[in-house]
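Undergrad: Starting off with a structure, shown below.
Values in this text are rule-based calculations from the coordinates and carry no lab data. Just so you know, these numbers come straight off a predicted model, no measurement behind them. All Cβ positions, glycine included, derive from the backbone under ideal geometry; neighbour counts span all protein chains shown.
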Amino acid sequence: MNKMSQPMANVINRSPIPAHRVSPYKLARVEKVDLPDAGRGQHWYEYVLDNGRSTITGHRRGSLKDVTAHAHRYAEQLNTRALGSHSVWSTRRTDAKAKSR
């Protein structure tokens, strides 16, 4: 199993746990990596988010500061969704069409 599919396997194979038992995702590490030719000449970093139960690994181009900020925002968004709050990606429509769905 490759690095990118491992986090999904962790999520799929585990039963859901109550929100009060969910540990928040935290940034575990950010490190510079080499990517294939498509990313040559660019600064690429791998970031790892961990909540003690699941690990999410991502790659992003940019400065260490920018990638670290992205990873912190991503962890915050995941934590918001896990705790039942509105996601930054979810609709906030309150009209009759949205309620009828």
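Undergrad: Could you calculate the FRET efficiency of THR80 with GLU31 from 1/(1 + (r/R0)^6), where r is the beta carbon distance between them and R0 is 30 Å, rounded to 0.05?
TA: Computed FRET efficiency for THR80 and GLU31 comes out at 0.70.
Undergrad: Work through the residues other than LYS26 whose Cβ is under 11 Å from its Cβ and net out their charges, Lys, Arg +1 and Asp, Glu -1.
TA: Local net charge: -1.
Undergrad: Can you tell me how much longer the chain between GLN42 and ARG60 gets when fully stretched, taken as 0.36 nm per residue apart minus their C-alpha distance, in nm with one decimal?
TA: Contour length minus Cα-Cα distance gives 5.5 nm.
Undergrad: Give me VAL30, VAL67, VAL48 sorted ascending by neighbouring Cβ count inside 10 Å, so fewest comes first.
TA: Fewest-to-most Cβ neighbours within 10 Å comes out as VAL48, VAL30, VAL67.
Undergrad: Moving to a separate point now. Tell me, what is the percent relative contact order of segment 23-84, built from C-alpha pairs under 8 Å that lie six or more residues apart?
TA: Once divided by the residue count of segment 23-84, the mean separation gives 34 percent.
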